[in-house]
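Enquirer: Supplied in C-alpha cells, the structure appears directly below.
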Amino acid sequence: MKSWCALAFLCLAYFCHGALSCPPLCQCYQRRAEVVCNEVPLTEYPSKSLPRNTTLLTIQFTNITTISELQLNATPLLKGLHLYSNHLQTLSSHLFRGVPHLETVDLTGNKLSDLPADVFSHAQLHNLVLKNNLIEKADANWLSDNSSITWLDLSGNSLTKIPAALLQKLPHLDNLDFANNRLEKISANSLDTLTKLERLNLKNNKLSTLDASIFQNTQNLGYLFLAQNKLSKLPQDLFQGLSQLKVLSLEDNQLSNIPAGLLDPLSSLDEEGLDLSGNPWLCDGKLEYLWKWLQKNKKKAFLPETFICAGPQSLAGRSVISLTESELNLQS
C-alpha cells in the first residue's frame, strides 16, 4: 500500500511537472498560472524552475542578455510574455515556435537593434511591443502575411521611415505607435491597408509635411497624435473622411496658419479634443479660418487661450481666440 502511494505521488509530481516549482526570488501565482520576477539578480532565463503550466510571465529589471527557443519551450502554454527593461540584445529567428498560444510579447526597454527575419511569424500575436529599444529599421520579414497583430508599438527607437511593406501585413491593426523616433517623411500609401486603425501616434518625430492622401483609408481613426514634429503646412484635405476622429494633437509644431476648411470634417471631436498650442501663429488675415472656427467650437479646443500669436509684433503674446476682427484686419 505504501509503495502504491509513493508511486502515485511520483506520477502526480511527473504529470504536474513544475506546478509547485518557482524560480528563486520570483513570485508564482498558481491559481492564475502567473510568474513575476521583478528586480531579482537573474543573469539567465529561468526556464528550469518555471512551472510548466505558466500562461503569463513577467521578467523585468534583470541582467538577462539572451533568450533561446529551447528555454521558451519550457512553458508551452504561455499566452503573455513581458520582458521589460532587461539587457536583451538579440532574438533568435525561431524563438516563438514552441509557444503557439502566445498572444502578447512586450520587450520594452531592452537593447534590441537588428532582429532576424521571421522572428515573430511563428506565433499568432495580437500585441507586439518593442518600445524603447535601439531599432533603426523595421523589417517586413519579421511577420507572416495577414498577421493577427492588432497593437504594434515601435515607439522610442531610431526609425527614420515607416516601413510600408511591414504595415501591409497588418490588416487587423487598430493601434499603431511610432512616437519618439526620427521619422522625416511618411510615403503617401504607407497606411492604405490599415482600414481598422483607431489610434495612431506619431508624436515627437521630424515630420515636416504630410501627403494630402495619407489618411484616405483610415476612416476609423479616432485618435491622432502629431505633436512635437516640424509641421509647418498642412494640406487642405488632410483630414477629409476622418469623421470618427475624437482627439487631434498638433501642439508644438511650426504652424503659422492652417488652410480654410481643414477642421470641417472633424465632426466627432471630443470636448477639448483639439490641441494646437505651442505653434508660432501669425495673427493676420490668413488666420481668419482658425479664428472663426475657435469662435464656434471653443469647447472642442484644449486650452484655447494657449494658442498664442508669435506675430506680428503688435499682437505677439496674445491668444488667437481673444483677437477681434479689426486686429486681424478682417472685413465684416
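Enquirer: Taking the conditions exactly as written (exposed (fewer than 14 other Cβ atoms within 10 Å of the Cβ) and in contact with an Asp or Glu (Cβ under 9 Å, 6 or more places away or on another chain)), does ASP145 satisfy them or not?
Expert: For ASP145, the condition - exposed (fewer than 14 other Cβ atoms within 10 Å of the Cβ) and in contact with an Asp or Glu (Cβ under 9 Å, 6 or more places away or on another chain) - is not met.
Enquirer: Let me ask something else about it. Being in a strand (DSSP E or B) and out of contact with any helix residue (DSSP H, G or I) (no Cβ under 6 Å at 6 or more places or on another chain) is true for just one of ILE64, ILE59. Which residue is that?
Expert: ILE59
Enquirer: Now, a different point. So which residues in the range 178-204 are of a type outside the set (Lys, Arg), within 12 Å of ALA164 (Cβ to Cβ) and either open to solvent by 70 Å² or more (accessible area, probe 1.4 Å) or under 12 Å from the mean Cα position of the chain (by Cα) (or both), if there are any at all?
Expert: The one that is of a type outside the set (Lys, Arg), within 12 Å of ALA164 (Cβ to Cβ) and either open to solvent by 70 Å² or more (accessible area, probe 1.4 Å) or under 12 Å from the mean Cα position of the chain (by Cα) (or both): ASN189.
Enquirer: Can you work out which of the residues in the range 270-293 that are of a type in the set (A, V, I, L, M) and either under 13 Å from LEU226 (Cβ atoms) or surrounded by 20 or more Cβ atoms within 10 Å (Cβ to Cβ) (or both) is farthest from the chain's Cα centre (by Cα)?
Expert: LEU287
Per-residue answers, yes or no, for (1) within 15 Å of LEU234 (Cβ to Cβ); (2) in contact (Cβ under 8 Å) with a residue 40 or more places away in the chain:
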{"site": "ASP177", "(1), (2)": "no, yes"}
{"site": "LEU183", "(1), (2)": "no, no"}
{"site": "ASN189", "(1), (2)": "no, no"}
{"site": "THR195", "(1), (2)": "no, no"}
{"site": "LEU202", "(1), (2)": "yes, no"}
{"site": "ASN205", "(1), (2)": "no, no"}
{"site": "LEU210", "(1), (2)": "yes, no"}
{"site": "ILE214", "(1), (2)": "yes, no"}
{"site": "GLN219", "(1), (2)": "no, no"}
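Enquirer: If I go through the range 233-261 residue by residue, how many of them are of a type in the set (A, V, I, L, M), over 17 Å from GLU272 (Cβ atoms) and crowded, with 18+ Cβ neighbours inside 10 Å?
Expert: Looking only at that region, the number is 5.
Enquirer: How many of the residues making up the range 150-172 are in contact with a strand residue (DSSP E or B) (Cβ under 9 Å, 6 or more places away or on another chain) and within 14 Å of ALA140 (Cβ to Cβ)?
Expert: Selection size over the range 150-172: 7.
Enquirer: It is to be established whether one or more residues within the range 208-217 are surrounded by fewer than 20 Cβ atoms within 10 Å (Cβ to Cβ) and within 30 Å of LEU102 (Cβ to Cβ).
Expert: Yes, the range 208-217 contains a residue that is surrounded by fewer than 20 Cβ atoms within 10 Å (Cβ to Cβ) and within 30 Å of LEU102 (Cβ to Cβ).
Enquirer: Is it fair to say LYS131 is in contact with a strand residue (DSSP E or B) (Cβ under 8 Å, 6 or more places away or on another chain), of a type in the set (Lys, Arg), closer than 23 Å to ASN201 by Cβ and free of Cβ contacts under 8 Å to residues at least 60 places away in the same chain?
Expert: Yes.
The values are calculated or read from the model by the stated rules, or taken from the named source; none is laboratory data. Just so it is clear, the structure is predicted and the values come from calculations on it, not from any experiment. When we count neighbours, we look across all protein chains shown, and the Cβ atoms used for this are built from the backbone with ideal geometry, even at glycine. Side chains included, ligands, DNA and RNA excluded: accessible areas come from the protein's heavy atoms. Shrake-Rupley method; radii C 1.70, N 1.55, O 1.52, S 1.80 Å.
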